[in-house]
Amino acid sequence: MIKARNIYLLLTALVLFLSGCDKENKLSPTEDLGIVDMFSPDENADPRVKAMYNDYGVWVRTYFSSIDELTNSILAEDAIVAMRGAENLEEEKIPEVLNYSEALLSNVSKEYANSFFPLEFFYVKQYGALYWIYPVKALGRSRLILMWPNTTDGAIPVTDPVNHYYQDSVLTSEVWRKLGSMIVARMEEPLKEFVAGGKAYDDGEAYEKLGNEYDKDEEAWKEENPDADDEDEDEVNSRPYVIKYKNAVAELCRNGGYITGGSSRSFEGDFSEWLRLLVMESYENIKKDYLDNSKSRALKYEIITKYFKEYGWDIQAAGNKYRTEFDKYKASLPDGD
């Protein structure tokens, strides 16, 4: 009897709850909460910021008044690190990051960016303490945090803000790798045809096995050559165990349809490496270095470029442009730079 009475009370409460709701076909956010205002630039924002948001769905942010705005206090690690060293972008650097963001986004179709890109590019002077630096940090799938000027190893100083995207290939490559992972997190599922175009992912088992063999071969070789000079890069690269390892990794990639050995771990890594390559390299170089020597890579190339075109994005055209601009920049440098 008591059990039946409890069920009756629950049903009554449910009916009362439902009767108090609007008769909408689907749930929608309450306007009074200001959800849109929280996650979009305000009406006084820089026109360039508003244009990028309206066109690509990406909010370029350059200021935070509290750590919570930067980290959302979701991940304890990020909150702690940021509190110890996060700093706002310097005012005079804002035009530089707007130039960089505009250049990057101009190489993507608006449809694709709105569908899969993170919601925010957040630029800061520093993210994390000096002993724990994140030059480029993906926070979840919706916020990409970039230090500016960037401190990624090999990145170059900003001397031409308008064209820095095309000149600093180290930074741009790192940004696209991060974007690749964030894009995969927004996908409903991996691209089935792309995955089937190569060997199955194995969480890096085959790649790590090659690494273990390399370590053993290196140790054995050094026992036989105790006076070898490890400072001479050309000499090191000519050693038999190094050549053996590089050939084995190249074979793994050719057979699996991967760009790098690490791509064999997962779809996320594989997709990210293909994305980075396509958006930064010319078809001529991709064909020569990756497609002509691997049927799996040639098949994956056709599948992934077709996928991007379905969203109005000719990603190879973006790669051709990047290579042209980068080569132009390199040719302008003094010999040896």
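The values are calculated or read from the model by the stated rules, or taken from the named source; none is laboratory data. Predicted model, so just to flag it, every value in this text is computed and none were measured. In this analysis, Cβ positions are derived from the backbone assuming ideal geometry, glycine residues included, and neighbour counts consider all displayed protein chains. Ligands, DNA and RNA are excluded from the accessible area calculation, which covers all protein heavy atoms including side chains. Shrake-Rupley method; radii C 1.70, N 1.55, O 1.52, S 1.80 Å.
So, counting K/R as plus one and D/E as minus one, what does the shell of residues with Cβ under 14 Å around ARG48 add up to?
Residues close to ARG48 contribute a combined charge of -2.
Determine the shape class of the range 37-185: with a ≥ b ≥ c the square roots of the Cα gyration tensor eigenvalues, call it rounded for a/c under 1.5, and otherwise prolate if a/b is greater than b/c, oblate otherwise. Walk me through the intermediate numbers first.
On the way: a/c = 1.32, a/b = 1.12, b/c = 1.17.
Rounded shape, in that the Cα axes give a/c under 1.5.
Residues in the range 265-295 near a label at ALA250, defined as backbone nitrogen under 19 Å from the 7 Å Cα→Cβ point?
285-295
Give the accessible area for MET187 in Å² (nearest 10); use a 1.4 Å probe, count only protein heavy atoms, and leave out ligands, DNA and RNA.
Only protein atoms counted, so the area is about 30 Å².
Based solely on C-alpha atoms, express the radius of gyration and the Dmax of the range 168-221 in angstrom.
Cα-based Rg and Dmax for the range 168-221 come out at 16.6, 48 Å.
Tell me the net charge near GLU193. Cut-off is 10 Å between Cβ atoms, GLU193 excluded, with +1 for each Lys or Arg and -1 for each Asp or Glu.
Within the 10 Å Cβ shell, the charges total +2.
Restricting attention to the alpha-carbon atoms of the range 97-233, what are Rg (one decimal) and Dmax (integer), both in Å?
20.0, 59
If THR71, THR152 are ordered by their accessible area, calculated over protein heavy atoms with a 1.4 Å probe, which sequence runs from highest to lowest?
My answer, sorted largest first, is THR152, THR71.
How large is ³J(HN,Hα), in whole Hz, for each residue of the range 152-165 in order, when computed from phi with the Karplus curve 6.51 cos²θ - 1.76 cosθ + 1.60 and θ = phi - 60°, using x for Gly and Pro?
Residue by residue, the range 152-165 yields 4, 3, x, 5, 10, x, 7, 10, 9, x, 5, 10, 4, 4 Hz.
Pairs to check: LYS192/LYS288; LYS50/LYS192; LYS287/LYS309; LYS216/LYS246. Give those whose C-alpha atoms are more than 24 Å from each other in this structure.
In this structure, LYS192/LYS288; LYS50/LYS192 exceed 24 Å between Cα atoms.
Calculate what fraction, in whole %, of the accessible area of the range 192-332 sits on carbon and sulfur atoms when a 1.4 Å probe is rolled over the protein chains.
Working: 3660 of 7910 Å².
Heavy-atom surface of the range 192-332 belonging to carbon and sulfur, 1.4 Å probe: 46 percent.
For the range 37-185, which whole-number percentage of the solvent-accessible area (1.4 Å probe, protein heavy atoms only) is attributable to carbon and sulfur atoms?
Numbers: 3460 of 6620 Å².
Of the solvent-accessible surface of the range 37-185, carbon and sulfur hold 52 percent.
Run the numbers for ASN88 and ASP202: contour at 0.36 nm per residue of separation, minus the present Cα-Cα distance, in nm.
36.9 nm
Keeping all protein chains in place, calculate the accessible area per residue for the range 115-261 (probe 1.4 angstrom), answer in Å². Intermediate results must be reported in sequence, preceding the final value.
On the way: 7650 Å² over 147 residues.
Here the per-residue accessible area is 52 Å².
Leaving out same-chain residues fewer than 8 places away, which lysines sit with a Cα under 20 Å from that of LYS330?
Of all the lysines, those that pass the test against LYS330 - Cα under 20 Å, at least 8 places apart if same chain - are LYS321.
I'd like the accessible area for ARG276: 1.4 Å probe, protein heavy atoms, all chains in place, Å² to the nearest 10.
Surface accessible to solvent at ARG276 totals approximately 40 Å².
Tell me, what HN-Hα J-couplings in whole Hz come from the Karplus equation 6.51 cos²θ - 1.76 cosθ + 1.60 at θ = phi - 60° for each residue of the range 124-129, using x for Gly and Pro?
For the range 124-129, the Karplus-derived couplings read 9, 6, 7, 10, x, 6 Hz, x marking Gly and Pro.
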